[in-house]
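Please read the structure below before turning to the comments.
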Amino acid sequence: MKIGVLSDTHLSGVTRELEEIYNRYLADTDLILHAGDIVSAELIDFLSAHSFYGVCGNMDPAEVCDRLPPKWVLEVGGLKLGLIHGWGSSKGLEDRIRQEFQDVDAIVYGHSHRPANQVREGILFFNPGTATGHSSAGIHTIGILQVDDTIRGEIITLDFL
């Protein structure tokens, strides 16, 4: 199974850039995840045309948080995946979000706008970074998860933005 992962898009509506990201990287995925700060209900509608799960983030307005929960636990290919946005400082973020989930194989999160793809204590911590939001590093990224017997992540730098 191939899963496309976004976070921290911070868009007020569907843009040409988002459509290009979708067409290049997400259209052929089995599932799309968004780890919060989606900002616009229009994006939920756009992504929901595909198999989609998202969570609300700290910058999401009430109209988004009314439609998306603060966290999910999904079973994908027999593996459990936690989906959450995150909060507070980037320092210690993975430790804080880890406390929100029991018995998961991976945790997908956002908030920091910094991509991460690492295994800690047997759990994949995966942050796709920001595709279209502010990036202090000057890069925009998305993620792809491959699920079979395990979950493996790949960070993709969007060099066309």
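The values are calculated or read from the model by the stated rules, or taken from the named source; none is laboratory data. Just so you know, these numbers come straight off a predicted model, no measurement behind them. Here Cβ is always computed from backbone atoms with ideal geometry, including for glycine, and neighbour counts include all displayed protein chains. Note: accessible area is taken over every heavy atom of the protein model, side chains too, but ligands, DNA and RNA are not part of it. Shrake-Rupley method; radii C 1.70, N 1.55, O 1.52, S 1.80 Å.
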Scanning segment 41-56 residue by residue, the ones that are open to solvent by 10 Å² or more (accessible area, probe 1.4 Å), touching a residue at least 24 places away in the same chain (Cβ under 8 Å) and outside any helix (DSSP H, G or I) total 3
Given (1) open to solvent by 40 Å² or more (accessible area, probe 1.4 Å); (2) assigned to a strand (DSSP E or B); (3) touching a strand residue (DSSP E or B) at 6+ places or on another chain (Cβ under 6 Å); (4) among the β-branched types (Val, Ile, Thr), identify the lone condition not met by residue 139.
(2)
Here are some residues: 124, 93. Which one is of a type outside the set (Asp, Glu), surrounded by fewer than 23 Cβ atoms within 10 Å (Cβ to Cβ) and more than 28 Å from residue 160 (Cβ to Cβ)?
93
Give 45, 30, 37 a once-over and let me know the one that is in contact with a His (Cβ under 8 Å, 6 or more places away or on another chain) and either within 24 Å of residue 160 (Cα to Cα) or modelled with pLDDT of 95 or more (or both).
37
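Checking the structure you have, find out if any residue of segment 122-134 is of a type in the set (Ser, Thr, Tyr) and more than 25 Å from residue 19 (Cβ to Cβ).
No.
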Given the structure, is residue 133 over 16 Å from the mean Cα position of the chain (by Cα), modelled with pLDDT under 95 and surrounded by 14 or more Cβ atoms within 10 Å (Cβ to Cβ)?
no
